[in-house]
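Here is the structure we will look at, set down as structure tokens.
The values are calculated or read from the model by the stated rules, or taken from the named source; none is laboratory data. Small disclaimer: the values here were computed from a predicted structure and weren't measured. Quick reminder, even Gly has a Cβ in these numbers, built from the backbone with ideal geometry, and neighbours come from all protein chains shown.
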Amino acid sequence: MAKFTIKLKKKVEVADDTYAFYWEVPEDFTFKAGQFAEFTLIDPPQTDEEGNTRVFSFVHSPYEKEVVTATRIRDSAFKQTLRDLEEGTEVTFAGPFGGFTLHKTESTPAVFVIGGIGITPVRSMIAQALNEGTKHDITLLYSNKTPQDAPFLEEFEQMAKEHDNFKFVPVMTRTSEDEWDGENGHIDADMLKRHVDDVSKPIYYLSGPANMVQAMNDMLVEAGANEDNIRLEEFSGY
């Protein structure tokens, strides 16, 4: 495991209360799409019992040659300090870690069932596959409360326009039909079957808070997915 000290280059609000952080790329650093790293604040102005270290997935893919993370801001000392970091602030960085990466067999479809900020490793994985021109048939069901809460929504819409093998299904849980003409409500078996022809065939990817991931795992199994073909990435430390 490599450890580095890196600086914040810039931060960008990518959805309501959600920021992307652009970091210096350590010399000779490489990673795989879907992996994550450990970030530790150095002498932060405030701290709490959750500590000064968090794990974040890489948002950008390896071909983009950037280290970018994203997170929703909440009331923890870490998140408040992170939001207020000035450009040029140093943090310590360790990684990469993780095996939550796209399967290699291109004839097997990939279906991502994702809620909220769980999208971070998925954006990396999908962008890398589309850039490489792989033949994976990729479907993303992406749930948020409203479009304003959905990081990278417009990026995925553009990707779907440009790539025939990528199907994007944005889902809003707190938007009326008058405000949103796409899928409404929570992702369930009926919605899944509207967008996936044979639910037993794909490899599924779930990422996000543990309770959401477990609920989606149970839904997939009940809908007829092969339990051995479900891959999970549970987020903690919100």
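Points worth noting:
- Within region 179-193, the residues that satisfy the criterion of being surrounded by 12 or more Cβ atoms within 10 Å (Cβ to Cβ) and either touching a Lys or Arg at 6+ places or on another chain (Cβ under 8 Å) or not in a loop (DSSP other than H, G, I, E, B) (or both) are 183, 184, 189, 191, 192, 193.
- For residue 149: the one exception among (1) in contact with a helix residue (DSSP H, G or I) (Cβ under 8 Å, 6 or more places away or on another chain); (2) of a type in the set (Asp, Glu); (3) more than 20 Å from residue 58 (Cα to Cα): (3)
- Residue 176 in contact with a Ser or Thr (Cβ under 7 Å, 6 or more places away or on another chain), hydroxyl-bearing (Ser, Thr, Tyr) and assigned by TED's automatic domain parsing to the domain that holds residue 211: no
- Tally of residues being β-branched (Val, Ile, Thr) and farther than 19 Å from residue 168 by Cβ across region 178-221: 2
- Residue within region 10-26 that is under 20 Å from residue 153 (Cα atoms), exposed (fewer than 15 other Cβ atoms within 10 Å of the Cβ) and charged (D, E, K, R) present: yes
Yes or no, residue by residue, for (1) out of contact with any helix residue (DSSP H, G or I) (no Cβ under 7 Å at 6 or more places or on another chain); (2) of a type in the set (Val, Ile, Thr):
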site: 176; (1), (2): yes, no
site: 196; (1), (2): yes, yes
site: 201; (1), (2): yes, no
site: 206; (1), (2): no, no
site: 216; (1), (2): yes, no
site: 222; (1), (2): no, no
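- Subset of region 34-48 that is touching a helix residue (DSSP H, G or I) at 6+ places or on another chain (Cβ under 6 Å) and surrounded by fewer than 15 Cβ atoms within 10 Å (Cβ to Cβ) - its residue that is nearest to residue 209 (Cα to Cα): 48
- Subset of region 145-178 [aromatic (Phe, Trp, Tyr), closer than 21 Å to residue 15 by Cα and not in a helix (DSSP H, G or I)]: 152, 168
- Flag if residue 211 is touching a strand residue (DSSP E or B) at 6+ places or on another chain (Cβ under 7 Å) and either within 12 Å of residue 109 (Cα to Cα) or surrounded by fewer than 16 Cβ atoms within 10 Å (Cβ to Cβ) (or both): no
- Qualifying position, being exposed (fewer than 15 other Cβ atoms within 10 Å of the Cβ), closer than 20 Å to residue 18 by Cα, at pLDDT 95 or above and over 15 Å from the mean Cα position of the chain (by Cα), among 157, 132: 157
Residues checked against (1) buried (at least 16 other Cβ atoms within 10 Å of the Cβ); (2) more than 22 Å from residue 13 (Cβ to Cβ):
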residue	(1), (2)
50	no, yes
56	yes, no
67	yes, no
74	no, no
80	no, no
86	no, no
95	yes, yes
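- As a summary of the residue check, residue 81 satisfies the conditions (1) in a helix (DSSP H, G or I); (2) in contact with a Gly (Cβ under 9 Å, 6 or more places away or on another chain); (3) not aliphatic (A, V, I, L, M) except for the one numbered (2).
- Between 11, 32, the distinction of being within 20 Å of the chain's Cα centre (by Cα) and more than 16 Å from residue 57 (Cβ to Cβ) belongs to 11 only.
- Residues that are of a type outside the set (S, T, N, Q), in a strand (DSSP E or B) and over 17 Å from residue 203 (Cα atoms), drawn from region 98-143: 115
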